[in-house]
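The values are calculated or read from the model by the stated rules, or taken from the named source; none is laboratory data. Nothing here was measured: the structure is a model prediction, and the numbers come from that model. Backbone-built Cβ (ideal geometry, glycine too); neighbour counts: all protein chains shown. Only protein heavy atoms, including side chains, enter the accessible area calculation; ligands, DNA and RNA are left aside. Shrake-Rupley method; radii C 1.70, N 1.55, O 1.52, S 1.80 Å.
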Amino acid sequence: MMTVLRREEKYLLTLREALQCAARFEKVLAPDNFSKHGSYNIRSLYFDTVDDQDFHDKLTEQNCRQKIRLRIYSPEDSRVKLELKQKQNIYQKKRSLLITRADALALIDGRYSVLLNYEDPFAGEMFVRLTEGCYRPRTIIEYSRRAFMAKENNIRLTFDSCIRALEGNYGLFSGTLPFYPVLPGDQVIFEVKYNQFLLGYIMDVIRCVDRRGVSASKYCLGRSLSYPFLS
């Protein structure tokens with residue numbers, strides 16, 4: 001299991017602003033391991049309870065809330081991240097476990113007992129959460145990401161574009177999914193992720209853009225088909 005605890009700030013930028021900001025970051029920060037050759041795709045399948053408790057907790061901005069998802073970077077991936085992301089006041093705690101492709105398919109089918117085959121205690125915890133909460137697949141979200149990082153203070157800066165979603169089809173590994181866009185094509189979600197404080201030279205770069213705060217998560221944006229009042 002891998003655990004990350006950090007603060008996250010989210011902003012909406014135009015594509016032009018994002019490109020200008022990324023050009024500045026290139027001069028002072030290194031790309032993350034996936035961004036060494038440019039942007040890369042991320043695809044996540046989100047789960048929720050039968051009454052969409054996690055979705056409504058986000059809408060009402062509860063101090064303590066969570067999201068459960070399966071994450072891949074290519075439909076050909078043989079390993080999948082099972083992730084639990086928990087909001088704890090100003091901090092985000094994310095725990096993840098690598099599982100097999102076959103076990104990911106089992107989770108999508110509701111066969112959560114496959115998690116009991118893993119020795120990691122987090123797998124057992126997720127079995128209980130998924131079972132007791134009657135979790136079911138809800139939405140697939142896919143987007144393109146370009147990311148930068150600074151080793152000091154575990155800082156990550158991400159630009160997510162071409163954000164698209166799909167409900168009612170849970171083919172996480174399909175190469176042809178009929179996604180629909182959840183934001184205009186010229187809008188980018190910029191996220192600043194850090195521990196406790198930001199370094200001065202990074203703050204200087206961030207100040208150069210006209211930042212507009214965004215509270216809706218990609219998961220909530222992706223539910224716009226079922227909940228059109230979000231669009």
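Close contacts from the stretch 149-169, counting a first residue that is open to solvent by 60 Å² or more (accessible area, probe 1.4 Å) and a second that is acidic (Asp, Glu), with Cβ to Cβ under 8 Å and a gap of 6+ residues or different chains, come to Met149/Asp32. Counting only residues that are open to solvent by 50 Å² or more (accessible area, probe 1.4 Å), in a strand (DSSP E or B) and either in contact with a Lys or Arg (Cβ under 9 Å, 6 or more places away or on another chain) or modelled with pLDDT of 95 or more (or both), the stretch 181-196 holds 1 of them. Check whether at least one residue in the stretch 25-33 is of a type in the set (A, V, I, L, M, F, W, C), touching a Leu at 6+ places or on another chain (Cβ under 9 Å) and assigned to a loop (DSSP other than H, G, I, E, B), and report yes or no. Yes, the stretch 25-33 has at least one match. Restricting Arg129, Arg138 to those that are of a type outside the set (Gly, Ala, Ser), farther than 19 Å from Arg43 by Cα and outside any loop (DSSP other than H, G, I, E, B) reduces the list to Arg129. Restricting attention to the stretch 40-63, which residues are open to solvent by 70 Å² or more (accessible area, probe 1.4 Å), farther than 25 Å from Asp109 by Cα and either among the acidic types (Asp, Glu) or assigned to a strand (DSSP E or B) (or both)? Residue satisfying the conditions is Glu61 alone. Of the residues making up the stretch 13-39, those that are surrounded by fewer than 17 Cβ atoms within 10 Å (Cβ to Cβ) and hydrophobic (A, V, I, L, M, F, W, C) are Leu15, Leu19, Ala23, Val28, Ala30, Phe34.
Of all residues in the stretch 50-68, those that are without any contact (Cβ under 8 Å) to a residue 60 or more places away in the chain and more than 22 Å from Phe122 (Cα to Cα) have Cβ atoms under 9 Å from Cβ atoms of residues that are among the polar types (S, T, N, Q) and in a strand (DSSP E or B), 6 or more apart or on another chain, in Asp57/Gln66; Asn63/Gln88. Within the stretch 64-87, if we keep just the residues that are open to solvent by less than 40 Å² (accessible area, probe 1.4 Å) and hydrophobic (A, V, I, L, M, F, W, C), the residue that is nearest to Ser217 (Cα to Cα) turns out to be Ile68.
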